[in-house]
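Structure record follows, encoded as structure tokens.
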Amino acid sequence: MSNLKSIAVSSMLTKLIAANVIVFVILKVAELVTFLFSSPLAMDDVAFEYLAVPADLSKLASRFWTPLTYMFLHDGFLHILGNMLWLFFLGKVFFDIFNGRRLFAVYILGGLSGALFYVAAYNLFPAFESVRPLSCCMGASAAVSAVVIAVCVYKPKEKLYFFGILPVELKWLGIIYVLIDLLSIAGNNPGGHISHLGGAAFGATFALCLQKGKDITQWFCSITDTVVSWFGSDNSTKRPKMKVTFNKSCDTEYAEATTVSDEEYNRRKHDENEQIDRILEKISKSGYDHLTKEEKDFLFRASRK
């Protein structure tokens, strides 16, 4: 059971962090190359122009992909370091409460919410009218804010131990986190702080709805599951038809050889992953002892694959 949780946490966090780091490194290498060869085309300017989300609506219409790409784009080392540290530590806490599929969903949807808040604010408030045509927003901060605040709202009395000794309840961490952004809007990076608040708003909404039994990320998870199923599960793309034998061991009910199609194999894997997520979520809420015998047996068999 613990191995399954560790793999899921490591996989999702590693992929999100790796995506941010890879984009950062590629752009920095490209920037170095253009500098060494005295290219008149500055790579960092090109990247920010076409990957950062613009505040100007006409420019946004021609760069409609930027509300997604901006959350993987960073301006400097300290920028990406701070975001990835928050994502790493609070992402682990997030998974202990929820699961890996929701971590990805909240990250992406929180980032989109941040972009929406940023664009809306820059087009609604007169204070930004003069800078709107040239303003753009970048960074994973809004997406990370969604993850952080979702945890803080859902488990407000849970404690984090800073430096291993200083206990802080998550509700106070969340309050301080939001207040810093709110009070910094009048500073030198208003767009960034507004986008953080957009991500935080989504994270809080997600947590509050889940407390009432409604998962507002379910539609997104269903879409991503469908997309993943097109390419196969666990890196198994376009498998040939194969012989699968179910041995009568480990409480397996059937012992027969059957030929399954690609679609049937992927459907079974998808159903199995869904069942694992449900069991792990039940463990996080009620503990391992509250599992039924069938759930324990299923989890044991899955951990041996």
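The values are calculated or read from the model by the stated rules, or taken from the named source; none is laboratory data. Note that the structure is predicted; figures quoted are calculated from it, not measured. Every residue, glycine as well, gets a Cβ built from its backbone with ideal geometry; the counts of neighbours run over all protein chains shown.
How many residues are modelled with pLDDT under 85 and either loosely packed, with under 14 Cβ neighbours inside 10 Å or not in a helix (DSSP H, G or I) (or both) when one looks only at the stretch 43-57?
Within the stretch 43-57, residues that are modelled with pLDDT under 85 and either loosely packed, with under 14 Cβ neighbours inside 10 Å or not in a helix (DSSP H, G or I) (or both) number 1.
Which of the residues belonging to the stretch 167-224 are touching a Lys or Arg at 6+ places or on another chain (Cβ under 9 Å) and farther than 30 Å from Asp271 by Cβ?
Pro167, Val168, Glu169, Leu170, Lys171
Scan the stretch 175-194 residue by residue and report those that are part of a loop (DSSP other than H, G, I, E, B) and of a type outside the set (A, V, I, L, M).
Ser184, Gly187, Asn188, Asn189, listed by residue number.
So for the stretch 144-156 (the condition being over 28 Å from Ile283 (Cβ atoms) and either in the same structural domain as Gly76 (by TED's automatic domain parsing) or under 21 Å from the mean Cα position of the chain (by Cα) (or both)), does at least one residue qualify?
no
Being free of Cβ contacts under 8 Å to residues at least 60 places away in the same chain, assigned to a helix (DSSP H, G or I) and within 27 Å of Arg278 (Cα to Cα), is that true of even one residue in the stretch 123-139?
No, that holds for no residue.
In contact (Cβ under 8 Å) with a residue 60 or more places away in the chain, small (Gly, Ala, Ser) and more than 17 Å from Ser141 (Cα to Cα): which single residue out of Ser113, Ser62, Ser39, Ser11 fits that description?
Ser11
Being more than 17 Å from Trp65 (Cα to Cα), out of contact with any helix residue (DSSP H, G or I) (no Cβ under 7 Å at 6 or more places or on another chain) and not basic (Lys, Arg): is that true of Leu160 here?
In short, no.
Please specify each residue of the stretch 146-174 satisfying the condition of being free of Cβ contacts under 8 Å to residues at least 12 places away in the same chain and part of a helix (DSSP H, G or I).
Answer for the stretch 146-174, where residues must be free of Cβ contacts under 8 Å to residues at least 12 places away in the same chain and part of a helix (DSSP H, G or I): just Trp172.
Out of Leu124, Leu87, which single residue is under 26 Å from Ala55 (Cβ atoms), modelled with pLDDT of 90 or more, out of contact with any strand residue (DSSP E or B) (no Cβ under 9 Å at 6 or more places or on another chain) and surrounded by fewer than 23 Cβ atoms within 10 Å (Cβ to Cβ)?
Only one candidate passes the filter, namely Leu124.
Quick one: in the stretch 275-287, of everything that is touching a helix residue (DSSP H, G or I) at 6+ places or on another chain (Cβ under 8 Å) and either part of a loop (DSSP other than H, G, I, E, B) or not β-branched (Val, Ile, Thr) (or both), which residue is modelled with the lowest pLDDT?
Looking at residues that are touching a helix residue (DSSP H, G or I) at 6+ places or on another chain (Cβ under 8 Å) and either part of a loop (DSSP other than H, G, I, E, B) or not β-branched (Val, Ile, Thr) (or both), I get Ser284.
What is the residue count in the stretch 25-42 for residues that are outside any loop (DSSP other than H, G, I, E, B) and farther than 24 Å from Tyr118 by Cβ?
Adding up the residues that qualify gives 11.
Has the stretch 179-187 got at least one residue that is modelled with pLDDT of 95 or more and under 19 Å from Met84 (Cα atoms)?
Taking every residue of the stretch 179-187 in turn, at least one turns out to be modelled with pLDDT of 95 or more and under 19 Å from Met84 (Cα atoms).
Out of all the residues in the stretch 128-136, is one or more among the hydrophobic types (A, V, I, L, M, F, W, C) and over 19 Å from Pro190 (Cα atoms)?
There is no residue in the stretch 128-136 that is among the hydrophobic types (A, V, I, L, M, F, W, C) and over 19 Å from Pro190 (Cα atoms).
With respect to Phe94, determine if the residue is in a helix (DSSP H, G or I), without any contact (Cβ under 8 Å) to a residue 60 or more places away in the chain and within 16 Å of Phe202 (Cα to Cα).
So Phe94 passes the test.
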